[in-house]
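Read-outs throughout are calculated quantities, based only on the coordinates presented, and are distinct from any laboratory measurement. Because the structure is a prediction, the values reported are computed rather than measured. In this analysis, Cβ positions are derived from the backbone assuming ideal geometry, glycine residues included, and neighbour counts consider all displayed protein chains.
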Amino acid sequence: MNVLNELPSFDTFTNIDSFLSKQGYDDLVGLPLNRTPSEQRNKEEEKYLRLLKTHEDGDDPIFSNINLHRILFTNQQYDLTDEELELPPQLLHKDDRDAHACAVKTWHRVLHKDLDPQKLRPFLGFRPIEIVRKTLANTTQLARLIIRYPLRKHVKARFPFLNTRRINEGISTDKFYCNCADVANGFVNAHIFYGMKTTCIQIYGHRPGGEGFLMAYKDFIRDHGIPSILRRDNAGEANSDKVKDFNREHLVKDQFSEVDNQQQNVCESGGVRWMKAALHVLLDMTGAPVWTWFLAANYLADIHNHTWNNERKFIPATARDGITRDISKYLQFVFWERVLYLDHVDKFPESRERPGYFVGCSNNVGDDLTFLIYDDQTKQVVSVSVVRPFT
């Protein structure tokens, strides 16, 4: 019997419902039945024997000696979700071990490591069996589909750990302070996020008090992605319950250094020490005032990420995402170089060229040749793309 010829198309789950009904698996369609574990097991054994009798060869692409119910779907709920706990009590049926929601059904493809890849080929476009086998070995299957009767919209994100870009490395973080406020934002301290594999450096500043680290951590994730590990020291703000809850929700492993053993936090030696030394050199060589320290730190972090790491033998930014970087924007001006930029406000007959100082490149405004300019008249930092040397 060629089952593949009788299979409906797999582009919708409705067709799979009709297929399961046709094969006698009515309890997998619609509302789950309220059976005790022993009744459910007996029912499955009866269907299993019936399938074996119908398909005696055992080499069918879909059916084999493994229970179809265990391979494709499960309606078992080991833990009720928050949404299910809010359902009226009369909708819940409890047996001697598990609780099942009659109005909510979990639809989850169970992919065991020893599962025959042949049975999953229809769900992966009938790709070659070796492709399916390697796909299962190099991917995860963590999401589960929740189906409600009647259907309704999803309000809360179901899989926060899958909704955000992830980076394939651990991140070490540490904090450093400055004796003067940053001219652009008023920051007096900053958190450095240091890639433990690629050595990429990102810096996020904040004012004293509040949830400074948590906000900086979320900004890092928003810009670069979720790390696999967050390593830090035992500072209270980095070890708060909110940070741990956030890591738990997004599947980030917590790691800490021992008390008074800062050398175990690679950000302290590879990030903070390097940044402070490089800041001294940059400010001394360019004559930039100390209140530009945060702008200079961001500039140095970008330069570090786009220049060759002689120890690791790669460009850090390229090592993180595999993209060959263009450094044209860093070759136009020197930090704190005096420049003229175009003022878009027409003040005829006054000149529209305003003086300022180059303090970095803008990463989220305009094109790749958009620069950060400190206007010494307004005392503000602006992003502009029409810039020329002052002389």
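Annotation: the residues MET275, MET196, sorted from fewest to most other C-beta atoms within 10 Å of their own C-beta, follow the order MET196, MET275. Close amide H pairs (under 5 Å, H built 1.01 Å from N) link CYS361 with LEU372, residues at least 5 positions away or on another chain.
What's the local net charge at GLU258, with K and R +1, D and E -1, over the other residues with C-beta under 14 Å away? Around GLU258, the surrounding residues sum to -1.
Note that region 365-381 has calculated 3J(HN,Hα) couplings of 10, x, 8, 6, 10, 10, 10, 8, 10, 8, 8, 7, 8, 8, 6, 10, 9 Hz, one per residue in order, obtained from phi through the Karplus relation 6.51 cos²θ - 1.76 cosθ + 1.60 (θ = phi - 60°); glycine and proline are x. Here, region 337-391 yields an orientationally averaged convex hull projection of 3.9 nm² when only Cα atoms define the hull. Rounded to the nearest whole Hz, the Karplus-based 3J(HN,Hα) values (6.51 cos²θ - 1.76 cosθ + 1.60, θ = phi - 60°) of region 236-248 follow the sequence x, 5, 8, 10, 6, 5, 5, 5, 5, 5, 4, 5, 5, with x at glycine and proline. Close amide H pairs (under 5 Å, H built 1.01 Å from N) link VAL386 with LEU342, residues at least 5 positions away or on another chain. Between SER383 and THR164, what FRET efficiency comes out of the Förster formula 1/(1 + (r/R0)^6) with R0 = 30 Å and r the beta carbon distance, rounded to 0.05? Efficiency for this residue pair is about 0.70. Quick one: in region 170-321, what % of C-alpha pairs are over 25 Å apart? Within region 170-321, distances greater than 25 Å cover 27 percent of Cα pairs.
For ARG312 and VAL334, a Förster radius of 35 Å and the Cβ-Cβ distance give a FRET efficiency of 0.85, rounded to the nearest 0.05.
Going by C-beta contacts inside 10 Å, put CYS361, CYS200, CYS180 in order with the fewest on the left.
CYS180, CYS361, CYS200
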